[in-house]
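Here, each number is a calculation from the coordinates, and none is a lab measurement. These numbers come from a predicted model, not from an experiment.
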């Protein structure tokens with residue numbers, strides 16, 4: 001296709017357009033640079049403010065403050081201070097901060113409704129860090145879950161069970177269940193079950209079980225070991241050997257003393273229960289005779 005050179009604008013008009021564009025750009029740039037410099041100054045000021053707040057926060061920490069809680073609070077403080085600084089810097093540049101906050105509010109509401117379980121776990125994590133029902137390394141029982149606290153996060157609590165497995169519990173479940181902390185007290189009581197026959201004398205069984213615990217320095221002298229009748233079952237008498245030990249030895253010593261109890265009863269000649277089942281045939285007198 002041939003273009004008639006006469007249809008093109010003169011070169012002088014092109015020069016005018018370029019000059020107009022350059023002048024407009026320089027005017028915009030001259031107007032934007034001070035605002036950009038102001039935004040940079042605002043960010044520097046808030047960064048310094050964050051460092052100042054961090055120093056005050058670190059000096060105010062007590063000796064019993066959880067390291068994990070302190071780290072989370074530092075992050076929250078950083079996000080709050082620097083977030084305000086970013087908003088003020090954006091206002092300096094020329095953004096409509098009010099519209100931005102309104103949009104973030106609507107988006108936050110939508111995300112909150114879509115992730116309510118996550119938010120519930122997050123709030124429960126803050127409750128755990130505030131109430132401190134347990135600390136790292138504590139032996140706890142949460143509901144029916146037994147283990148040692150390995151890590152506390154904002155959404156989950158991680159336990160290590162006696163088999164060495166990691167158990168990840170949502171924090172909303174943790175705060176809703178009964179928590180037994182075996183590490184909060186210097187002693188813990190273990191129950192060692194044992195069963196004897198109805199023909200056995202409870203006194204002999206009690207002496208044998210207490211003898212199994214005699215001389216063991218790991219068993220606390222106060223309160224002293226105790227044997228009680230736990231159950232009168234259909235074919236046996238259930239006994240409980242109760243010992244007070246250090247909480248860290250609770251699980252291992254219970255397993256050990258179950259074996260000790262068996263050997264002690266056998267050594268003392270205490271008869272073990274034998275499962276018996278009586279079968280009656282109704283309507284067959286010849287068999288009964």
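What are the equivalent ellipsoid semi-axes of segment 124-174, built from the alpha-carbon gyration tensor (square roots of five times its eigenvalues), in whole angstrom, biggest first?
17, 11, 9
Below 8 Å between Cα atoms, with a sequence gap of 6+, how large is the relative contact order for segment 130-268 in percent?
Averaging sequence separation for qualifying contacts and normalising by length gives 22 percent for segment 130-268.
Any idea what the relative contact order of segment 188-267 is, in percent, if you count C-alpha pairs under 8 Å spaced at least 6 apart?
45
Can you give the three extents of the C-alpha atoms in segment 212-289 along their principal axes, from longest to shortest, in whole Å?
So the extents along the principal axes, rounded to whole Å, are 63, 23, 19.
What length, rounded to one decimal in nm, is gained on full extension from residue 23 through to residue 118, with 0.36 nm per residue of separation minus their alpha-carbon distance?
This chain segment gains 28.9 nm when fully extended.
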